[in-house]
């Protein structure tokens, strides 16, 4: 009997404490609407860093946003591609002026093949005949074969130059999207090297 009384007393104390905390929380939340109340871990959502347009005494000119150091290049800037815009004139200029800067080594060709298989073969096919897995779904028209097809810009696909292939990978064409954000310039040049091998296949 005495044990059961102790258990009942403990339950009452715990219940009273829970009810007291709940009532206090309810009353505090219904108080002054302009007062946000207590804030937990304020530093978790107050930025420590300066905003770009915020005054900053750490620099001589008092600005947070500073000019980049001379000779640096912004992230994503591609000087070769940016020199040849996504226009018919840019495409022709790329054809006339751009040559693959990478040496034609077995390593570069092998890496170009790997990049091609991962990034291009789903549409163009493993042999470049325009019969990739997506094309087999019969929901999209096939791209022309690198060895036997004709370019939608005119001329045979087997005659595409380094610059034309690089420009097309960079900006895309027709249903093919641009790949400049997925592939850096070196990777694009390696694919160009491998596409020239596919142009030779019959």
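Rule-based calculations on the coordinates, nothing more; no lab input. Computed from a predicted structure; not experimentally measured. Note that each Cβ is placed from the backbone with ideal geometry, even for glycine, and that neighbours are counted across all protein chains shown.
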*asked:* Using helices alone, I'd like the mean residue ellipticity at 222 nm for the chain: each DSSP H run of four-plus residues gives -39500 (n - 2.57), total over residue count, nearest 500.
replied: -13000 deg cm²/dmol
*Taking the Cα atoms only, what angle lies between the long axis of helix 185-199 and the longest principal axis of the chain, rounded to 10 degrees?*
40
*How do 175, 98, 109 rank when sorted from fewest to most other Cβ atoms within 10 Å of their own Cβ?*
175, 109, 98
*Residue among 85, 55, 144 with the largest mean-square fluctuation in a Gaussian network model of the chain, springs linking Cα atoms under 10 Å*: 55
*Please state the relative contact order of the chain as a whole percent: Cα pairs under 8 Å, 6+ residues apart?*
18
*By count of other Cβ within 10 Å, fewest leading, how are 137, 115 ordered?*
137, 115
*residue 34 versus residue 200: modelled label distance in nm, points set 7 Å from Cα along the beta carbon direction*: 8.1
_With Cα atoms, 0 to 90° folded angle of helix 162-171 axis to the chain main axis_ = 30
*asked:* Between the range 95-158 and the range 39-75, what is the separation of their alpha carbon centroids in Å?
replied: 44
*Whether the chain is rounded, prolate or oblate, judged on the alpha carbon gyration tensor where a/c under 1.5 counts as rounded*: prolate
*Efficiency of FRET between residue 106 and residue 70 - r from beta-carbon atoms, R0 30 angstrom, step 0.05*: 0.15
*Going by a ≥ b ≥ c, the root eigenvalues of the Cα gyration tensor, does the range 91-131 fall in the rounded group (a/c under 1.5), the prolate group (a/b larger than b/c) or the oblate group?*
oblate
*What ranking of 77, 146 emerges when the number of other C-beta atoms within 10 Å of each C-beta is taken as an exposure proxy, fewest first?*
77, 146
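Assuming 0.36 nm per residue, please report the length gained on full extension of the stretch residue 43 to residue 78 beyond their Cα-Cα distance.
On the way: separation 35, 0.36 × 35 = 12.60 nm, distance 3.85 nm.
Contour length minus Cα-Cα distance gives 8.8 nm.
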*Let a ≥ b ≥ c be the square roots of the eigenvalues of the Cα gyration tensor of the range 124-187; is it rounded (a/c under 1.5), or, if not, prolate (a/b larger than b/c) or oblate?*
oblate
